[in-house]
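The values are calculated or read from the model by the stated rules, or taken from the named source; none is laboratory data. From a predicted model like this one, the values you see are computed outputs, not experimental measurements. All Cβ positions, even for glycine, are placed from backbone atoms using ideal geometry, and neighbour counts span all protein chains on display.
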Amino acid sequence: MEITIKTLTTNQFTDGLSNVIEIVHWSATDGTSVIQGSTRLNPPKKVFKPLADLTEDQVVSWVVSKDAARIKKMLADTTAKALTTTVSPPWAEDFAYDEPDNVRVIRQTYEYNKAVARLAQYVVADGRAEVREMQPTGEQVFNEETMEMEDVMHEVITVTAINPVEATVEQTTYDEEGNATTTTIENPLITTDNAERAAAQAVIDNTPEGIKQ
């Protein structure tokens, strides 16, 4: 979400302060939709920064802290409306559908993120190693050397270990007469994992660079 400040509504003089910003008028975009809106700020506290010293980043941070949830919902609602359309049914002679650019961006972004998440999963043929790290227990003790209170730490398993699957399995097939034949094949779990990972990598390779950023 990117917010651009358009104009400011200020009270030229109030409570001994000059040009106090009361309302910020902005535009916001999520890369697909653009909306216009405004945010009413809280009265200034003890720390007051003069209008001439303000930067856009500072004002944007005020808007985000006050209105981020509302702005995101407005963008989502606008995107949802933009994604609805009316087309003839596919069996009609005049049926035609060309994927709009904004829909293509949404679809490619979704597919890219899904592919990245799939590749982040562990390889079933290799398994997954256990990961441990030190985390605070919530208790503190006094360190006589540093003369400061310090967190009591303990080791926590943050990622559990998963053993690799067997590389091969035996598969039994039967002919028309009921005779059994047993062969050794690659573990289907590995075959499926490799195929899904290859498909995910293909999606990533074919995703435009602008989507990946």
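Here are a few things to note about the model shown:
- Screening region 120-132 for residues that are surrounded by 15 or more Cβ atoms within 10 Å (Cβ to Cβ) and touching a residue at least 60 places away in the same chain (Cβ under 8 Å) and picking the one that is farthest from residue 155 (Cα to Cα) gives 125.
- Residue match in region 205-212 (condition: in contact (Cβ under 8 Å) with a residue 24 or more places away in the chain, in contact with a helix residue (DSSP H, G or I) (Cβ under 6 Å, 6 or more places away or on another chain), within 30 Å of residue 104 (Cβ to Cβ) and in the same structural domain as residue 115 (by TED's automatic domain parsing)): yes
- Breaking point among (1) exposed (fewer than 10 other Cβ atoms within 10 Å of the Cβ); (2) closer than 29 Å to residue 79 by Cα, for residue 113: (1)
- Answer residue from region 138-188, given it is part of a loop (DSSP other than H, G, I, E, B) and among the β-branched types (Val, Ile, Thr) and is nearest to residue 128 (Cα to Cα) among those: 160
- Any hit, region 36-52, residues being in contact with a Gly (Cβ under 8 Å, 6 or more places away or on another chain) and surrounded by 11 or more Cβ atoms within 10 Å (Cβ to Cβ): no
- Complete set of residues in region 1-35 that are surrounded by 14 or more Cβ atoms within 10 Å (Cβ to Cβ) and under 15 Å from residue 78 (Cβ atoms): 3, 26, 28, 29, 30, 31, 32, 33, 35
- Note on region 91-110: residues that are exposed (fewer than 13 other Cβ atoms within 10 Å of the Cβ) and under 18 Å from residue 209 (Cβ atoms) total 3.
- For region 1-46, a residue qualifies if it is in a loop (DSSP other than H, G, I, E, B), in contact (Cβ under 8 Å) with a residue 12 or more places away in the chain and closer than 19 Å to residue 58 by Cα, and the qualifying residues are 1, 41, 42, 43, 44.
- Residue in region 80-88 that is among the aliphatic types (A, V, I, L, M), in a helix (DSSP H, G or I), more than 30 Å from residue 168 (Cβ to Cβ) and out of contact with any Lys or Arg (no Cβ under 6 Å at 6 or more places or on another chain) present: yes
- Of all the criteria given as (1) out of contact with any helix residue (DSSP H, G or I) (no Cβ under 8 Å at 6 or more places or on another chain); (2) free of Cβ contacts under 8 Å to residues at least 24 places away in the same chain; (3) not acidic (Asp, Glu), the one not satisfied by residue 169 is (1).
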